Amino acid sequence: MSTKTAIILLINLVLALLLIKVIFKTFKNFLRSIYYYLYPNIISILKKDYDNDFNYTHKLLLFIVIIVIIILIELHFFY
């Protein structure tokens with residue numbers, strides 16, 4: 001692994017941790033959003049927990065979209 005790749009991976013890790021702190025506030029909420037993302041929506045509807053499912057799933061999708069955009073920008077500028 002080259003030095004440039006190691007630096008970019010370290011920067012991505014720091015940015016991901018900062019985004020987790022900004023979007024989810026705690027790591028527990030981040031894990032909860034992964035749980036709701038994998039949890040079937042029909043069960044959430046039946047348990048009347050669809051609002052939490054919707055909110056946490058969209059927070060996770062926002063996080064993923066931002067990380068993908070950051071990675072694409074880095075690829076464009078550094079490679």
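The values are calculated or read from the model by the stated rules, or taken from the named source; none is laboratory data. Owing to the predicted nature of the structure, the values given are computational and were not obtained by experimental measurement. For neighbour counting, all protein chains shown are included, and Cβ atoms are generated from backbone atoms with ideal geometry for every residue, glycine included. Heads up: the accessible areas ignore ligands, DNA and RNA and are worked out on the full protein's heavy atoms, side chains in. Shrake-Rupley method; radii C 1.70, N 1.55, O 1.52, S 1.80 Å.
Here is how the numbers come out for the structure above:
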| quantity | calculated |
| --- | --- |
| Percentage of interatomic Cα-Cα distances in the chain larger than 18 Å | 50 percent |
| Carbon/sulfur fraction of accessible area - the chain, other protein chains in place, 1.4 Å, % | 75 percent |
| J(HN,Hα) series, the range 10-23, from Karplus relation 6.51 cos²θ - 1.76 cosθ + 1.60, nearest Hz, glycine and proline x | 5, 5, 5, 5, 5, 5, 5, 5, 5, 5, 4, 5, 6, 7 |
| Helix axis angle, 50-78 relative to the chain longest principal axis, alpha carbon, degrees | 10 degrees |
| Dipole magnitude (debye, nearest 20) for the chain, charges at Cβ of Lys, Arg, Asp, Glu | 220 debye |
